Amino acid sequence: MKILIFYTHNKGPLSSFFEELSLKLLKEGHEVTNFYLKHRKEHFKKDDLNIYGEKRKNFLSNYYNIFKIIRKTKPNVIISNFSYVNPSLLFGYLLNVDRNICWFHTVYGHSKPNWLKVFNKKLHLKLADAIIANSKILKGELNTIYGYNEEKIYAIPFWTNISNYETEAINLPIKNDNDCLYIGCPGRLVKDKNHSIVIEAVSELKKTTDKKIKLFIAGSGSYENSLKAHVESIGINNDVQFLGLLSTAEMFSFYKHMDVVVLPSLNEAFGLVFIEAISLGTPVIVSSQFGSLAFIDNNEYDIKRFTFNPKSKADLIQKLEPYLKTTQFESSYFKDLYAKTFEKSTIFKKVEKVITKHV
């Protein structure tokens, strides 16, 4: 079976996921091609995986390049995400592709698209043979907001391969200090990721304890200057370090350095950073709005122990305070949670079943 997968090829965790998915599909005997739009044209192979890149230009050029790769590879199945969805669904339909699948990642509350964008998306989604949503929240939104048939929506989580980067782990500018509480906060620096609540919580904690606290923020984005100004305005410059955008190998080191990672997003369809951290056994305090939490068995794991209301600074402080004295979870607790909830081979089988259905 010929499978064409559209995604942005970079050093990020989402790219790593789709590349590994592609390689697994290859091992199962499928012919797989990856395509993306970026800053230059290129073609290379990884094992037997063909990866094509075209230079991102204007709207018409981008659509034409997507049309060309579909016509060239003649796939039986297309998988697309983000900005590739609309053209992939349209041209897949016009070129009679057997199965056209989009992988939906973004909750409505995150981007809040206007009615015209919602209408446009509805029209294109009607061309999809199936949708994979990486959370049950998204599955519900695709049905209620976009009117897509619930029976053709499959809620399937991601896995992470960050542990593969242990041998490539890169040292970060973080000094080891056993007398200091290291708090990590990774994610794109945009308003919805809610980094400010962590900054304010750290400021409040420092007023009530003699223990040293350091906050390390990993990521980049449009809100960076605003966050730095906020840190300066409350006088904790010496206790907050902005690390910038980190590679996957650097993120491995980041998680290993932290005593606890706080993930405060107001809206998060899934949350790859959450499963990255727990797969390595790093303790987390995570926003209750993470879609990945819905896959966890609540009878076996009490998620209230490590989740908080992302609009409540008091709730976050309450969850952080015990870490001033001792680690609240053994590393094995989160590793076990990851293994039982986001096991790679189980997820892959679910994805492959959706891909090959009726083809």
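Values in this text are rule-based calculations from the coordinates and carry no lab data. Source: prediction; values computed, not measured. No Cβ is skipped: glycine too gets one built from the backbone with ideal geometry, and neighbour counts run over all protein chains shown.
The modelled label-to-label distance between residue 167 and residue 43, using points 7 Å beyond Cα along the C-beta direction, is 3.1 nm. Under 15 Å between alpha carbons, and skipping anything fewer than 8 positions from residue 136 in its own chain: which aspartates and glutamates qualify? Hits, sequence-local ones excluded: 150, 151, 268, 297.
Between residue 331 and residue 120, the contour length at 0.36 nm per residue exceeds the Cα-Cα span by 71.4 nm. Once the chain from residue 222 to residue 350 is taken as fully extended at 0.36 nm per residue, the excess over their C-alpha distance is 42.5 nm. Say a site is exposed when it is one of the trypsin sites (Lys or Arg not before Pro), sits in a DSSP loop, and has at most 10 other Cβ atoms within 10 Å; what is then the longest site-free stretch of the chain? Looking at the chain, 41-174 is the longest stretch - no exposed trypsin sites (Lys or Arg not before Pro) with at most 10 other Cβ atoms within 10 Å.
Step through the table entries 139/344; 193/313; 206/313; 206/325; 55/122; 74/139, compare each Cα-Cα distance with 18 Å, and write down the pairs that go over it. Table pairs above 18 Å Cα-Cα are 139/344; 55/122; 74/139.
If you count the DSSP beta bridges with both ends in the chain, what percent of them are antiparallel, to the nearest 5?
Once the DSSP bridges in the chain are tallied, antiparallel ones form about 10 percent.
Rounded to the nearest 500, what is the chain's calculated 222 nm mean residue ellipticity when only DSSP H runs of at least 4 contribute -39500 (n - 2.57) each, over all residues? About -11500 deg cm²/dmol. Couplings 3J(HN,Hα) of the stretch 319-329, computed from phi: 6, 7, 3, x, 5, 5, 9, 6, 5, 8, 9 Hz, in residue order, whole Hz [Karplus 6.51 cos²θ - 1.76 cosθ + 1.60, θ = phi - 60°; x for Gly and Pro]. At a Förster distance of 45 Å, what's the computed FRET efficiency of residue 68 paired with residue 238, Cβ-Cβ distance as r, to 0.05? The formula returns an efficiency of 0.25 here. Taking the longest Cα principal axis of the chain as reference, the axis of helix 85-94 is set at about 10 degrees.
Looking at the stretch 290-359, the GluC sites (Glu not before Pro) that sit in a DSSP loop and have at most 16 other Cβ atoms within 10 Å of their own Cβ are 300, 330, 343. Extension gain, residue 23 to residue 191, is 57.0 nm, computed as 0.36 nm per intervening residue step minus the present C-alpha separation.
Seen from every direction in turn and averaged, the convex hull around the alpha carbons of the chain projects onto 18.5 nm².
By other beta-carbon atoms within 10 Å, ranking 102, 185 with the fewest at the front produces 185, 102. Any chance you could give the angle, 0 to 90 degrees and rounded to 10, that helix 248-257 forms with the longest Cα principal axis of the chain? Helix 248-257 sits at roughly 20 degrees to that axis.
Taking a straight Cα-Cα cut-off under 19 Å and skipping sequence neighbours fewer than 8 places away in the same chain, the aspartates and glutamates within cross-link reach of residue 72 are 31, 42, 48, 54, 98. Where a ≥ b ≥ c are the square roots of the eigenvalues of the C-alpha gyration tensor, would you call the stretch 163-341 rounded, which needs a/c under 1.5, or, failing that, prolate if a/b is larger than b/c, or oblate? Here the stretch 163-341 falls in the rounded category. What separates the Cα centres of the stretch 306-348 and the stretch 1-52 is a distance of 32 Å. Extending 7 Å from Cα along the Cβ direction at residue 50 and again at residue 339 yields two label points whose distance is 4.0 nm.
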